[in-house]
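Throughout, read-outs are computed from the coordinates displayed, never taken from laboratory work. Just so it is clear, the model here is predicted, and its values are computed rather than measured. Positions of Cβ are generated from backbone atoms using ideal geometry, with glycine treated the same way; all protein chains shown enter the neighbour counts.
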Amino acid sequence: MHAVEPLLQPQPSSPEQPAAWLAAFERDGLVVLPEYLTADLCHTLLQEVQQQAELTPAAIGRGQQRQHASDIRRDKTCWLDGSTVAQQRYMLELNTILSQLNRHFFLGLTGYECHFAHYQPGDFYRTHLDAFNRQASRQVTSVCYLNDVQDGGELVLYDEQHTELMQLPPRAGSLILFESSRFPHQVLPTRQDRFSIAGWFRRDDVLL
């Protein structure tokens, strides 16, 4: 399995001195940032999703192919819309990362979207890709954990040959970034409530 070395929260960097997390992302196509969110922001976002009345069963597929499939995915989601200070702070943090990715890798990213995700005990998400080629709109995936889970709920990442690379147990405030079209991944069944924010850095000048 791939060893992941913990990295510090990303700091502003110049093109001449890329931050350590950017170097890791360039090398591996993924990076894990423990305790990326401050404890207060993480706690506030957790409270918001716990009180969120608009969480709905997540679907799979696109357009006319979109459907609910409880044998594949059982979480409930709700899109962040920036309607609270905490959501604005989170999206500002991730848009800072967007700027850093563009500056260092010339990805041409044009936006970021994200949703809350709640996995109740027994819920899971089978192995899938977030994008099927490098020309898709979704370029980089983010997963930010909002609470600790001690039993299940790990994010499992695989390489392009479907060999398991790592299992990442939910730890509040941790942020994972990876190339959307490169890493199949799944969420293992959880035995506790698992809260997170899943998001995608997009490049919307491409055709799906």
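So what's the gap between the Cα centers of the stretch 151-208 and the stretch 29-43, to the nearest angstrom? The stretch 151-208 and the stretch 29-43 have Cα centres separated by 14 Å.
Can you sort CYS78, CYS114 by how many other beta carbons sit within 10 Å, fewest first?
In order of increasing Cβ crowding within 10 Å: CYS78, CYS114.
For the stretch 143-151, backbone phi angles converted through the Karplus equation (6.51, -1.76, 1.60; θ = phi - 60°) give residue-by-residue couplings of 10, 10, 7, 10, 8, 7, 10, 8, 9 Hz, Gly and Pro being listed as x.
Please state the shape class of the stretch 39-202: rounded when a/c is under 1.5, otherwise prolate if a/b exceeds b/c and oblate if not, all from the C-alpha gyration tensor. Intermediate values should be presented prior to the final figure.
Values: a/c = 1.36, a/b = 1.06, b/c = 1.29.
Rounded, since a/c falls under 1.5.
Positive end of the dipole of the chain (Cβ unit charges, origin at the Cα centre): among THR56, TYR158, HIS118, the Cα lying farthest that way belongs to THR56. Mind checking which of VAL31, VAL85, VAL49 has the largest fluctuation in a GNM of the chain, springs on alpha carbons under 10 Å? Comparing VAL31, VAL85, VAL49 in a Gaussian network model of the chain, the most mobile one is VAL85. A simple spin-label model places pseudo-atoms 7 Å from Cα toward Cβ; at THR56 and GLU113 they are separated by 1.4 nm.
Within the stretch 41-116, report the trypsin sites (Lys or Arg not before Pro) that DSSP leaves as loop and that have at most 11 other Cβ atoms within 10 Å.
Working: sites: ARG62, ARG66, ARG73, ARG74, LYS76, ARG89, ARG103; in loops: ARG62, ARG66, ARG74.
Answer by residue number: ARG62, ARG66.
Along the axis of the charge dipole computed for the stretch 39-202 (Cβ charges of +1 for Lys and Arg, -1 for Asp and Glu, origin at the Cα centre), the listed residues HIS43, PHE132, LEU175 are led at the positive end by PHE132. Around the Cα centre of the chain, unit charges on the Cβ atoms of Lys, Arg, Asp and Glu (plus for the first two, minus for the last two) sum to a dipole of about 460 debye. Between THR38 and ASP193, the FRET efficiency estimated from the beta carbon spacing at R0 = 30 angstrom works out to 0.85.
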